[in-house]
Amino acid sequence: MMKAGFLRDLFFAAVVLIVLIVVPFIFTKPSLRDFLIYVMAYGLLAMSLNLLVGLTGLVSFGHAAFFVSGAYMFGLLMQSGRVSIPVAILITVCGTAVLAMVIGAICVRLKEIYFSFITLAFQMFIHSIILTWVSLTGGDQGLRGGIPRPPFFGIDLSSGASLYIFSACIFVACILIMRQVWQSPFGYTLRLIRDNPNRANYLGVDIVRMKLGVFILAGAMASVAGVLLSLFVSGAYPEFGFWTTSGEAIFMIMLGGSQLFVGPIIGAILLRLLEHFVSIYTEYHGLVLGVVILAIVLGLRQGIADYVVDFLQRRREAKAAPAKEAAFVKKRIA
Amino acid sequence: MTKTTKGISRRRVLKGAGAMAGLAAIGAPHIAGAQAKVIKIGLPTILSGRVAILGTSSRFAVQLAFNQINEAGGINGRKFEVVDRDSKGRPDEAAKVTRDLINNDGCDIIIDGEASSGSFAVHEVVRDLGILCLHTCSETSSLTADPKLFSKNVFRCARQGIHDAVAGGSYAAKIAKEKGLKKWATCSPDYAYGRDNTAEFLQYAKMFEPSIEVVDQLWPKLFAPDYTESITKLMQVKPQAVYSALWGGDLVAFIEQSNLYRLFQNTAYFSGGLGDPPILTAIKNLPQGLNTAYRYNNGFPGSPENTAFCDAYVKVAPHEPTNWAWQNYAASQFIIEALRRTNGNTDSSALAKEISGMTVKKPFGGAGITMRDSDHTIINYPVAWGKTVSKSPWVLDYVDTEWSKIIELEKEWKKEKGYA
Amino acid sequence: MADPFLHVEAADVYYGASQILFGIDLAVEQGQTMALLGRNGAGKSTTFKMIAGLAPPRRGKVALAGQGLAGRPSYRIARAGIGYVPENRQVFPDHTVDDNLIVAAKKGPRGDHHWNRGRIYEVFPILASMKDRLAGRLSGGEQQMLTIARTLMGNPDVLLLDEPSEGLAPIIVQAIGELIKTLRGMGVTILLAEQNMHFCLGIATHATVIDKGQIVYRATIDELRHNEDIKQRYLAV
Amino acid sequence: MNLEALASCLSSSACAVTQISTALIIGMLLFMVASGLSLIFGVLGIINFAHGAFYMAGAYIAFFTYQATSSFLLAFLAGALGAGLIGVIFERFIISKVYGKDILMQLLVCYAIILIFDDLVKIIAGPEYKMMGMPDVFALPPLEFAGGFVPAYYVFMIVASLSIGALLWLAIEKTRIGKIIRALAINPQMVGALGINTTLLYAAVFGVGSMLAGIAGSLAAPTRTLTPGMGLSILIESFIVTVIGGMGSIVGALIAALLIGFTRAFGAIGFPLFVDGIMFGMMAVVLIIKPSGLLGREIAR
């Protein structure tokens, strides 16, 4: 079973990767590539956050802390000029994982909104460190002077096309990893913790360890998103770690839906499209975005992808219902 | 109330109904032909949040400049269209909207109306894409002074911190000598611009008047709503003079809150940011005799060109021109003049070649403002310090500093910094 | 014959998609003390919640003195004269005894206000002696007294008592029983949900038995006392 | 770090008076905003991230009223009541739809409101800075206490905030409606079953909470700059205050607001670089040791 599932995922991943790579060669406008890289970076951030929010029920308000740590660690490593890009990514991911472990060890012990608050506090703390430690981080002006992209294995990321393909490969690899977690026994344990912590406890699950595990994983994935963005904008800015960035990721999850694996990606695409077009037509994009959010939250009461899935399921059930009802009535009479 | 007067359509009508079609629309190659006649000027700037006025006053100025040229028939039959985009003051967003303006909207030229941190992000993008760009709001000296950041297609049409520091330092030194102001303190926002600006001001003030001694330096947070703890701290320290790089709404709050403590009764005040009309008019009780750098004034320089600029500006905007307004207006003039010389050819390097060393008369007249070709930054713009009065024109007695002196000291500063 | 004072007719209640009550009919006359008997999970509490407006019926009707109540918000139902005393003694733990009563004070549906704190302390002398104590610090029996007293402060026409004896020591149960009898003596109309039939025997005048969300038996309490079959089928523990 | 300066300040009465008053000035406005935040959370279980928007609304309404009438009293009342009214409308039409929904829904709704309010202010009042200016009544030289100076307006502001805080506390602890509201916080269903219109009460509590933010806004209007987006900075600090003090506790909000006020006032003298870090640090430490805050209860719901 597992193996068949994995092969299917692998197949889907390959298809997605091919589509991602081919599309910009059909529509050659560079802005499409820009758009897709943004969607990949923010989508990865939102998906990694959804490992906490949707899968485990841990509502983190401070996930951008790992996004920003990814961007800065990678940027600083590259600016030091001592490591190649793959090594820098590896160190960044491990480094962020350690950071996530330290923060997570404190945070996951807290429940519900207290978890949200303390993740927020840590994020603001990291953000203020970045602002204060000017000599290392460049303070409010961010990492300046660009992030060098020395060629490795014959790949030169200073060309837009190869940077795009590289980003697409990393993106798809991360999605594949998260998909395996989503479907694994570990993933189901996390769902159990989300839905019924008492039962999980009773079954002998070490809840704190499980939560910490997914917290570290989500942090590491968020750092990859940070790497992608810093590679693309050739810089790192404190705003990456401000609470609004976490808020945006949460918004993507809510827009797309938290229960469907690809929900956050759909949310990222929708939000980016929305912002793109709204800001072309009006400077009052806040007003428009606000009204759209209200319409979705108050109208659908769930993410768009979740809504569509539920809607389809309801329709299927409605078709099956008459038969079921008949059976039920029969049983009651008997 | 804001009265928004719209000039040429800054929104692109052509995007039209098909726009929402999504990815395909973004990917579609943009239409050549009839549209190619229009020259598009992209303006990434801050249109929302606390410093929205930064962007809106810049936009008024850019629109004014290009409306004027459109009404005059354009250049070689080509008209202009200004496309603005809100960066929300975030550097990553600034980078993104700049890319969009170029790659998606097909803008030929970028006028960068970002504050400092955003400017550095835009700088990376335009350097990457090789498009002509004029930074119009960032005063951070290194943006053009640092040769590592130099790009042949990128210019700065804005005050430069180091120029003003020389002018401010010499002005402050003179007053310090006259009035015996020895004990100084500073109170500037805690971010790169605030720190650099303050350090540069002090460096020159001390150079010109060595008896100046800095007794304390306070660094309130950028956009802090309340400065009471800084003000009371200043009262404990009792300096004879205070320098502050606060600007915008922060400065308005700082002055009003200081008034409550009567801070300026016994303390001389030197401000890099007070001389902007929207700030001067927002302060309800503007104390007399505060010293401020020139940012914009409808009576200085007293030239017919300046009056004409101010009159035209207030017709389209709800307030007098700001510092950013004249800088953007001047930047537009550089672009227009360069296009005139290339006969409407928008090639970046051709335009850049023309702009290097160019002098424009608008908006101040006189000898004009010159784009220095060595480091792509403007000189000969008004650099002066004056004193506040309680009613319009708000600042009087502007004292000029010789540009030759500024340039000489700038050279030494560059050497010191390793830029030259 | 006129409609009964409190009248529930053919009421269905759902929690989400699952139906809990099936066509419940109930009739309580003024001054009656009616026991609603049934096993744990038979639907007694849901019936009460339905009457009180906390679990509105999807179909059917609820009326008090001819006035329809179904579908109204719970506070309107309370103001119409339904006094609901929930199971598990839901006192406000951080309020004093006195404050618990103050919160609940209101006039009855016809503007009557014969129940006030003075009267309550006469009827419940034990509460009078601890009126400044936090309700959360009271014993279970005292809390039960307080919830009943609190509901009386609203001058209801009908008192719905949901398992007042549950989880209390026998001696306390006896005291509660005495109290209900006193209230009955004062002419208060009472609907009493219980699984403990013996508790009801001395208190209620009539009995209704509920099982699996349906009413299965109606009689006077004396008839029930002698109907071994019903007792065996529906009430034996 | 300059502990010597701190010690010498504390030993001089002039310095101590001025800095203590500074702490109160900073603390009191925070207290006003945070107490509203805390009240709304305590009773409705909603973390009102849009609270800063009501602070902004209060400030702008006060500003326009003052321009129209030149009366500070009217401006103050209009700011407070206007923000309260907007709060009630917001609760009725929007927030009430997400009661009991997961926290993300609430967060998102509040985020939407912040975006909408900021743009509305920009449309109505323009993007430029506004300053109401000091009313003539308070245009006095600063008052002297034991060698330290406190501006007359700040004395008024401190007294007004403390009085409003005391009134609020008395209303909640001693009046019948206050007792009902406390009961509502713990067991809303039971309160409804006792014949009390909980829907109305929720709207009223939200209105009072927003009114407190509006009061802070109108008190701040004469001394602080009005801009779209001004609600954000005060929101973050009052959020810290609320978490430290304990969500739902008015007294906790007061204590925490003073704590922040003193940290900032004396931090400016003794350890100016660490003030921000210390504030977040305090928040984290409180969350680790006692998640519900200094005086908060564990959430029942």
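The values are calculated or read from the model by the stated rules, or taken from the named source; none is laboratory data. This structure is a prediction, so every number in the text was calculated from the model and none was measured. Using ideal geometry, Cβ is built from the backbone for each residue, glycine included, and neighbour counts are taken over all protein chains shown. What goes into the accessible areas is simple: the full protein's heavy atoms, side chains included, and nothing from ligands, DNA or RNA. Shrake-Rupley method; radii C 1.70, N 1.55, O 1.52, S 1.80 Å.
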Is there a residue in the range B:384-395 that is part of a strand (DSSP E or B) and within 18 Å of the chain's Cα centre (by Cα)? yes
Options B:A192, B:A167, B:A199, B:A173: the member that is among the small types (G, A, S), touching a strand residue (DSSP E or B) at 6+ places or on another chain (Cβ under 8 Å) and either under 30 Å from B:F334 (Cβ atoms) or more than 9 Å from every other protein chain (Cβ to nearest Cβ) (or both): B:A167
Any hit, the range B:73-92, residues being out of contact with any helix residue (DSSP H, G or I) (no Cβ under 9 Å at 6 or more places or on another chain), in the same structural domain as B:A308 (by TED's automatic domain parsing) and within 18 Å of A:R272 (Cβ to Cβ): no
Working carefully through the options B:A325, B:A312, B:A282, find the one that is more than 14 Å from every other protein chain (Cβ to nearest Cβ) and of a type in the set (G, A, S). B:A312
Here's a check for you: in the range B:115-133, which residue that is small (G, A, S) and assigned to a helix (DSSP H, G or I) is surrounded by the fewest Cβ atoms within 10 Å (Cβ to Cβ)? B:S116
Scope the range B:105-114; condition within 14 Å of chain A (Cβ to nearest Cβ) and either surrounded by fewer than 24 Cβ atoms within 10 Å (Cβ to Cβ) or touching a His at 6+ places or on another chain (Cβ under 6 Å) (or both); matching residues: B:D105, B:G106
In the range D:148-193, how many residues are facing chain C (nearest Cβ under 9 Å) and in contact with a strand residue (DSSP E or B) (Cβ under 8 Å, 6 or more places away or on another chain)? 1
Condition check for B:G249: surrounded by 24 or more Cβ atoms within 10 Å (Cβ to Cβ) and facing another protein chain (nearest Cβ under 10 Å): yes
Which numbered condition in (1) open to solvent by 40 Å² or more (accessible area, probe 1.4 Å); (2) over 22 Å from A:P151 (Cβ atoms) is the only one that A:Q79 fails? (2)
From the options A:L192, A:L255, A:L212, residue that is surrounded by fewer than 24 Cβ atoms within 10 Å (Cβ to Cβ), at pLDDT below 90 and closer than 26 Å to A:Q180 by Cα: A:L192
If you scan the range B:396-420, which residues turn out to be in a helix (DSSP H, G or I) and among the small types (G, A, S)? B:S404
Looking at D:G248 and the list (1) open to solvent by 20 Å² or more (accessible area, probe 1.4 Å); (2) in a loop (DSSP other than H, G, I, E, B); (3) away from chain C (no Cβ under 14 Å), which single condition is not satisfied? (3)
Single residue of B:C187, B:C137 found to be more than 16 Å from B:D373 (Cα to Cα) and not assigned by TED's automatic domain parsing to the domain that holds B:W326: B:C187
Long-range neighbours under 6 Å by Cβ, at least six apart or interchain, first residue under 12 Å from D:Y99 (Cβ atoms) and in contact (Cβ under 8 Å) with a residue 60 or more places away in the chain within the range D:199-210, second surrounded by fewer than 21 Cβ atoms within 10 Å (Cβ to Cβ) and hydrophobic (A, V, I, L, M, F, W, C): D:A203/D:V88
Of all residues in the range D:209-234, how many are buried (at least 24 other Cβ atoms within 10 Å of the Cβ) and assigned to a helix (DSSP H, G or I)? 14
Cβ pairs under 6 Å, 6+ apart or interchain, first in the range B:86-101 and within 7 Å of chain A (Cβ to nearest Cβ) and open to solvent by less than 20 Å² (accessible area, probe 1.4 Å), second assigned to a helix (DSSP H, G or I) and at pLDDT below 85, ordered by first then second residue, are B:D86/A:S279; B:P91/B:S117; B:D92/A:V233; B:A95/A:V233
Mind counting the residues in the range D:83-114 that are within 15 Å of A:I296 (Cα to Cα) and either buried (at least 21 other Cβ atoms within 10 Å of the Cβ) or facing another protein chain (nearest Cβ under 8 Å) (or both)? 16
Going through the range A:140-156 one residue at a time, which ones are surrounded by fewer than 20 Cβ atoms within 10 Å (Cβ to Cβ) and not acidic (D, E)? A:G145, A:G146, A:P148, A:R149, A:P150, A:P151, A:F152, A:F153, A:G154, A:I155
Any idea which of (1) closer than 20 Å to D:M134 by Cα; (2) within 14 Å of chain D (Cβ to nearest Cβ); (3) in contact with a helix residue (DSSP H, G or I) (Cβ under 9 Å, 6 or more places away or on another chain) is the one B:L290 doesn't satisfy? (2)
Looking only at the range B:194-210, decide whether some residue is over 24 Å from A:T137 (Cα atoms), open to solvent by 10 Å² or more (accessible area, probe 1.4 Å), touching a residue at least 12 places away in the same chain (Cβ under 8 Å) and acidic (D, E). yes
Could you pull out every one of the strands (runs of 3 or more DSSP E) wholly within the range C:184-237 that has 1 or more residues that are open to solvent by less than 40 Å² (accessible area, probe 1.4 Å), under 23 Å from C:H7 (Cβ atoms) and among the acidic types (D, E)? C:189-194, C:206-211
Among the residues of the range C:184-202, are any under 23 Å from C:L127 (Cα atoms), out of contact with any Leu (no Cβ under 8 Å at 6 or more places or on another chain) and among the charged types (D, E, K, R)? yes
Could you say whether any residue in the range A:227-244 is open to solvent by 20 Å² or more (accessible area, probe 1.4 Å), in contact with a Lys or Arg (Cβ under 9 Å, 6 or more places away or on another chain) and of a type in the set (A, V, I, L, M, F, W, C)? yes
Considering only the range B:40-67, how many residues are out of contact with any strand residue (DSSP E or B) (no Cβ under 7 Å at 6 or more places or on another chain) and away from chain D (no Cβ under 14 Å)? 4
Tell me which residues, restricted to the range D:117-131, are in contact with a Phe, Trp or Tyr (Cβ under 7 Å, 6 or more places away or on another chain) and over 12 Å from A:E283 (Cβ atoms). D:V121, D:A125, D:K130
